[in-house]
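Visitor: One structure, pasted below without further comment.
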Amino acid sequence: MYSLPKINGNKILIFIIIFMFIMIIPTIAIMLTITTNPVYGQQDKTSFNATDSTNIQSIPAKKVQVGDIEIAYKMLGKGDPILLFNGASDGMDQWDPSFPMSLSSNHTVIAFDSRGLGNTTMGSKSYSMQQLANDAAGLLDALKLPKANVMGYSLGSFIAQQFTMMYPDKVNSLVLVASSCGGKDDTPKPPEFIKLQSEIVNKSLNNVSISQEEMKELVAASVGAGWIKLHPESLENIPTMQQAKPGLSPEAMNNQNNVGREWVATNWNGACDELAKLDKPTLVITGTDDNMYVPYVNSLKIVEKIPGAWLVQIKNAGHAVMDQYPEEIGKILNTFLSTTAQTN
């Protein structure tokens, strides 16, 4: 289980994973072997919705055949492409509208539904991290795009790493949000949270209702203590699982949970050492209150391993950092992408 909610004032939309305006000094980020950018705070915000009515949700989806599946996707903007890998159980319309919009003036943003989610079919091939990476490579080939910048959030960051290792020639740069490189280097989530997630997975698979208290625990773990202190209303009016994730099948939920668990398994060597050899410009973003889903210390380990990586730690943000500060993260990505493009 890996990702969670979307927040809009008093409204919370949960993305269950059974599984800043900040300006970084580019010369420091590029020259140092390990960046040590400080933790940043943000101004208080109560709404995350973009005011511009033109957003990725309003764009009609297209479909393309890739191997054994039909992939639904959307494209927005112009310029160098950036491929977005969603958090677990999320479809392409779950990105906060302001995030892809902030990238679209200088980049062609490509969002898509992963295998078995949204409007993308499940297909007949075995569900694995490697297969999900193959699907993404097939999508780029179908769109006649030889290379792209690659960005992944939560479980999507694991797929983005797998994609980069399997298809390095297709990757210009790598952005990892709320991530871990897995294996022996991984700092696991707390045992009590693993138990909570397992119970929720089992209930979902067996059509047993999930209590409001369990949902509240998931939201609290996702947004973090600092956010709750600033926005106590975040724990009010929490929807049921059915309301939060209509149409999400137990099979799709279980598939994504399993690939996530395999990624961080301690009997695997992890990805950091291999990513370090590839020498791809890398940006790592984490919320300093992400202590449950993918503990933030895992992001620090990635930066320690990958020479020249940029690190942004966001104060008062949890695992739901993409929904808490989407515009700010978009600005950070624009700075990173424009800077690294000049050095490639």
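Visitor: Quantify, in whole percent, the carbon and sulfur part of the accessible surface of the range 202-311 (1.4 Å probe; protein heavy atoms only).
Guide: Numbers: 2400 of 5030 Å².
That share works out to 48 percent.
Visitor: While we're here: List the aspartates and glutamates whose Cα sits under 13 Å from the Cα of residue 195, skipping any in the same chain fewer than 8 residues away.
Guide: 214, 217
Visitor: Could I ask something else about it? Pop the C-beta distance of residue 297 and residue 334 into the FRET formula with R0 = 35 Å and round what comes out to the nearest 0.05.
Guide: FRET efficiency, residue 297 to residue 334: 0.85.
Visitor: Please work out the average accessible area per residue across the range 258-336, using the 1.4 Å probe convention, and give it in Å².
Guide: Working: 2620 Å² over 79 residues.
Each residue of the range 258-336 exposes 33 Å² on average to a 1.4 Å probe.
Visitor: Greater than 19 Å separation of Cα atoms is the criterion. Which listed pairs, 170/305; 189/301; 277/301; 170/301; 280/305, meet it?
Guide: Working: 170/305 22 Å; 189/301 15 Å; 277/301 15 Å; 170/301 25 Å; 280/305 12 Å.
In this structure, 170/305; 170/301 lie more than 19 Å apart at Cα.
The values are calculated or read from the model by the stated rules, or taken from the named source; none is laboratory data. Just so we're clear, the structure is a prediction, and the values are computed from it rather than from any experiment. Glycine gets a Cβ as well: all are built from the backbone with ideal geometry, and neighbour counts include every protein chain shown. Surface accessibility is based on the protein's heavy atoms, side chains included, excluding ligands, DNA and RNA. Shrake-Rupley method; radii C 1.70, N 1.55, O 1.52, S 1.80 Å.
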